[in-house]
Amino acid sequence: MENLILSLQYDNQLNRQIALLKFINNYPQGVSTAIVVEHLQCTKKTLRDYIVYLNDELENYIHIRISAKGKVTYLLRESMSIDTIVSLLYQESLTYLIVNSLLHNEQLSVNNATMKFAVSRSTLMKAINHMKAELALYQLSIAINPIKLVGDEVNIRLFLFRFYTEIGNSALIREDSELLAKEYIEHLHQYEDNHLYLGTFRVAFWKSITQARRNRKCFVKLPKEYLDKMKLVSDFENFTDTYEAFYRKHWPVMSLPIDEIVWSYLILLDCVTYSDKYNETFIPAHYRYYRKASCQLVEKINRLLTQNMNDRLRGFLINTAILSSLSKEFELVAPGIRQFVKETHSELHQMWKFELEQSDLSFRYLDDIATNLAILQFSSLSKKQKFKIIFTFQGAKGFSDYLAEMSKILLLATIEPIYCLEYPVTDEVISQMNANLVICNYDLFLKNSAKVPVVRLSNIPLFNDWEMAREKIDQLLSKYNEIA
């Protein structure tokens with residue numbers, strides 16, 4: 001599955017233009033047209049047409065050119081990024097306009113929609129029919145005449161959240177969204193001694209989307225047994241009073257059903273920031289990653305985390321399990337993140353997927369849960385003793401120093417590099433340095449060669465050599481963390 005904003009987009013030309021922008025972003029020094037057309041599967045003439053179009057549409061943000069030697073380069077306006085430009089381009093698309101109408105439940109007729117979006121009926125229907133296929137993942141569909149989302153309101157909001165967070169600008173929904181989110185978090189902190197550690201970015205999106213739906217009388221409907229169970233939760237009553245006071249201040253004429261208050265209570269679990277880095281000026285030191293959960297759920301999670309009793313991992317699993325009882329789609333992560341983690345931390349990802357398969361937790365999307373656990377565990381590594389790597393290189397004048405600089409592409413926050421360029425690496429040096437790995441481009445003569453792994457690169461290391469070293473580091477870091 002692609003990223004949501006691209007998979008929803010039926011216009012192949014726009015998708016290729018976005019793909020062009022994202023691809024050249026990987027080559028800040030430029031890339032040949034031959035490589036670009038091969039990646040986009042288009043002709044050189046089509047590539048030139050795309051570039052002319054993008055330069056016209058985005059002239060205030062970016063300029064793309066093809067040199068006489070056939071090299072594609074680009075120049076960005078200061079403080080702009082390719083992702084921001086992609087977002088701006090996407091906001092002009094028919095798909096975006098349709099989703100924005102669905103968000104606000106405008107319920108346009110097909111005729112009114114063709115006039116509002118300035119497209120033909122056949123183009124509109126092509127776009128809607130394409131979107132229907134993608135929405136099936138969220139158990140949703142689109143009704144015609146009037147045009148509206150059909151399905152459970154929980155899944156509708158979740159779909160909208162994923163869509164707008166991929167675009168990355170909550171002000172598109174509500175201009176003061178971040179200020180409102182900040183005020184809301186501060187309001188909650190006044191009434192909670194030990195509060196959830198919430199991220200403003202996610203709170204801003206959830207509050208904006210939730211209120212946009214409420215404004216159009218689109219409310220969540222939860223099972224009665226779920227509501228009855230929530231009323232027994234110890235801090236729910238206090239939250240209800242706190243939330244209603246905030247809500248009356250901003251929306252005094254709208255009263256909320258109990259289902260919406262339960263929704264607001266639960267959706268904060270999707271806004272937790274699983275970090276221990278905070279600024280005490282803004283965030284008090286007494287925070288938590290999760291609320292009290294059932295003993296049965298906690299026991300299942302503790303059995304899974306026997307080797308990794310990390311409070312952040314526990315919090316993520318508790319929160320996701322609770323949200324998953326509302327909708328299994330809360331387990332999903334963005335495909336781009338899942339793919340990135342599989343490629344860069346495959347050992348950790350595979351380990352967690354295996355552990356989840358053996359556990360008695362009832363998650364549906366194990367790949368996605370394993371992705372988040374790998375991310376959280378990896379970020380925890382930096383809090384432990386550093387993983388030490390000895391780098392030793394030789395070659396032509398200045399070449400060893402050049403390779404030392406190149407080796408920095410392997411360095412993570414959890415790695416402490418030790419460069420031995422001016423003296424030989426022996427068993428004694430490895431022991432003295434307490435190293436976990438040695439990387440070199442020449443043969444070492446170690447008496448105790450099995451004690452510490454050695455990665456032998458080519459004399460002149462190529463890309464594949466560095467990739468081999470990265471995979472070995474990933475593998476060893478995973479084992480190192482299990483022991484730590």
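The values are calculated or read from the model by the stated rules, or taken from the named source; none is laboratory data. Predicted, not measured: the structure shown is a model, and the values here were computed from it. We place every Cβ from the backbone using ideal geometry, glycine too, and count neighbours over all the protein chains shown.
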Quiz item: Can you pull out the residues in region 14-28 that are over 18 Å from Met80 (Cβ atoms) and in contact (Cβ under 8 Å) with a residue 24 or more places away in the chain?
Solution: Leu14, Arg16
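Identify all residues within region 38-74 that are among the β-branched types (Val, Ile, Thr) and out of contact with any helix residue (DSSP H, G or I) (no Cβ under 9 Å at 6 or more places or on another chain); write none if there are none. It would help to see each step written out before you state the result.
Filtering region 38-74 down to residues among the β-branched types (Val, Ile, Thr) leaves 43, 46, 51-52, 62, 64, 66, 72-73.
Result: Val52, single match.
Check Ile185, Ile142 and return the single one that is in a strand (DSSP E or B), touching a helix residue (DSSP H, G or I) at 6+ places or on another chain (Cβ under 8 Å) and either within 19 Å of Gln9 (Cα to Cα) or in the same structural domain as Tyr265 (by TED's automatic domain parsing) (or both). Show your work before the answer.
Values: Ile185 fails: in a strand (DSSP E or B).
Just one listed residue meets the conditions, Ile142.
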Exercise. May I ask you to list pairs of residues, at least six apart or on different chains, whose Cβ atoms are under 9 Å apart, with the first in region 299-315 being more than 15 Å from Tyr274 (Cβ to Cβ) and the second being surrounded by 12 or more Cβ atoms within 10 Å (Cβ to Cβ) and at pLDDT below 85?
Key: Gln307/Glu482
Quiz item: Has region 214-237 got any residue that is touching a Lys or Arg at 6+ places or on another chain (Cβ under 6 Å) and surrounded by fewer than 18 Cβ atoms within 10 Å (Cβ to Cβ)?
Solution: no
Self-check item: Restricting region 434-466 to residues that are surrounded by 12 or more Cβ atoms within 10 Å (Cβ to Cβ) and assigned to a helix (DSSP H, G or I), the residue that is nearest to the chain's Cα centre (by Cα)
Solution: Trp466
Quiz item: Taking the condition buried (at least 19 other Cβ atoms within 10 Å of the Cβ), out of contact with any His (no Cβ under 8 Å at 6 or more places or on another chain) and of a type outside the set (A, V, I, L, M, F, W, C), does Asp270 pass?
Solution: yes
Exercise. Report, by residue number, each residue of region 54-79 that is within 23 Å of Gln13 (Cβ to Cβ) and either at pLDDT below 90 or surrounded by fewer than 16 Cβ atoms within 10 Å (Cβ to Cβ) (or both).
Key: Asn55, Asp56, Glu57, Glu59, Asn60, His63, Arg65, Gly70, Thr73, Leu76
Quiz item: Within the set of pairs 6+ apart or on separate chains, which have a first residue in region 158-185 that is of a type in the set (Ser, Thr, Tyr), a second that is assigned to a helix (DSSP H, G or I) and surrounded by fewer than 20 Cβ atoms within 10 Å (Cβ to Cβ), and C-beta atoms under 7 Å apart?
Solution: Tyr164/Leu172; Ser170/Glu178; Ser177/Ala171; Tyr184/Phe246
Practice problem: Could you pull out the residue among Ala413, Ala374, Ala370 that is out of contact with any Pro (no Cβ under 9 Å at 6 or more places or on another chain), modelled with pLDDT under 85 and either in a strand (DSSP E or B) or among the hydrophobic types (A, V, I, L, M, F, W, C) (or both)? | Solution: Ala413
